[in-house]
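Worksheet: one structure, shown below.
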Amino acid sequence: EVLAYHLTEAGAADPAALAWQRAADRSAARGAFAEAASQYSRAVEVLATTPESQARNERELALLISLGSVLTTTRGLASREVEQVFRRARELDLGLGHGRKAAILGLWQTYLTRGELAAAQPLAEERLAIAEREGAPLSLC
């Protein structure tokens, strides 16, 4: 985290974002989820200062999925913060044309937990279509 801070202060955005991500990964691995959420957030903030590109969007998507995961633990699935993170991840995912299950799953779980079934339904249908296309029905679990 110290390295990430100094890289950020020096204006070295790419290596700083990577250092924040590594610090967050270490924090999450030891169960320090609030700390990891803060570090993933810093990584996203720093990365946002770099020019937009496909590679940057790929990195941001991965960071947001990790951030959403730890925020689910610290804030709960129904929180607006979790929804915002997974909504942004979903936007990036659509723009990149991936159809990543993690981005869809996070947003679907948020809506389902809140009882917002009309919002959850199309995401569930999309997850089902992906599972059928991949021939992997257990990926829905």
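The values are calculated or read from the model by the stated rules, or taken from the named source; none is laboratory data. Note that the structure is a prediction, hence the values are computed from the model and not measured. Note that we place each Cβ from the backbone using ideal geometry, even for glycine, and neighbour counts take in every protein chain shown. For accessibility, only protein heavy atoms count, side chains too; no ligands or nucleic acids. Shrake-Rupley method; radii C 1.70, N 1.55, O 1.52, S 1.80 Å.
Specify the residue with the greatest mean-square fluctuation among Ala131, Ala43, Ala16, computed from a Gaussian network of the chain linking alpha-carbon atoms under 10 Å apart.
Among Ala131, Ala43, Ala16, the largest mean-square fluctuation in the Gaussian network model of the chain belongs to Ala131.
How large is the helix-only mean residue ellipticity at 222 nm for the chain, computed as the sum of -39500 (n - 2.57) over DSSP H runs with n ≥ 4, divided by its residue count, in deg cm²/dmol to the nearest 500? Present the calculation step by step, with values, prior to reporting the outcome.
Details: 7 runs with 111 residues, N = 141.
So the helix-based figure for the chain works out to -26000 deg cm²/dmol.
Length gain on complete extension for the stretch Ala78 to Ala48, per 0.36 nm per residue less the alpha carbon to alpha carbon distance? Can you show the working numbers first?
Numbers: separation 30, 0.36 × 30 = 10.80 nm, distance 2.57 nm.
That pair, Ala78 and Ala48, stretches by 8.2 nm at full extension.
Considering Cα pairs under 8 angstrom that are at least six residues apart, work out the relative contact order of the chain and quote it in whole percent. Show your work: numbers first, answer last.
On the way: 166 pairs, mean separation 21.2, N = 141.
Taking the mean separation of contacting Cα pairs over the length of the chain, I get 15 percent.
What is the range 15-81 by shape, rounded, prolate or oblate, if you read a ≥ b ≥ c off the alpha carbon gyration tensor as root eigenvalues and call it rounded for a/c under 1.5, prolate for a/b larger than b/c, and oblate otherwise? Spell out each step's value before the answer.
Working: a/c = 2.38, a/b = 1.48, b/c = 1.61.
Verdict is oblate for the range 15-81.
In degrees between 0 and 90, to the nearest 10, how far off the longest principal axis of the chain does helix 13-29 point, with axes built from Cα atoms?
60 degrees
Rolling a 1.4 angstrom probe over the protein heavy atoms, how many square angstrom per residue are accessible across the chain? Don't skip to the answer; put the middle values down first.
Values: 7500 Å² over 141 residues.
Per residue, the chain has an accessible area of 53 Å².
Of the heavy-atom accessible surface of the range 49-115 (probe 1.4 angstrom), what whole percent is carbon and sulfur? The partial results should precede the final answer.
Working: 1640 of 3210 Å².
Whole-percent figure for carbon plus sulfur exposure: 51.
In the Gaussian network model of the chain, springs joining C-alpha atoms below 10 Å, which of Arg56, Arg30, Arg22 carries the largest mean-square fluctuation?
Arg30
Along the charge dipole of the chain, pointing to its positive end and built from +1/-1 on Cβ of Lys, Arg, Asp and Glu, which listed residue (Val85, Ser41, Ala136) has its Cα farthest out?
The residue sitting most towards the positive pole is Ala136.
Given C-alpha coordinates of the range 42-141, what is the ratio Rg to Rh with the Kirkwood estimate of Rh? Working shown, then result.
Working: Rg = 13.7 Å, Rh = 14.0 Å.
That ratio equals 0.98.
Using the beta-carbon distance between Glu58 and Val2 and R0 = 35 Å, what value does 1/(1 + (r/R0)^6) give for FRET efficiency, to the nearest 0.05? Show your work: numbers first, answer last.
Working: r = 27 Å, r/R0 = 0.76.
According to the calculation, E is roughly 0.85.
Any chance you could check the Cα centroid distance between the range 1-32 and the range 34-59 for me, in angstrom?
10 Å
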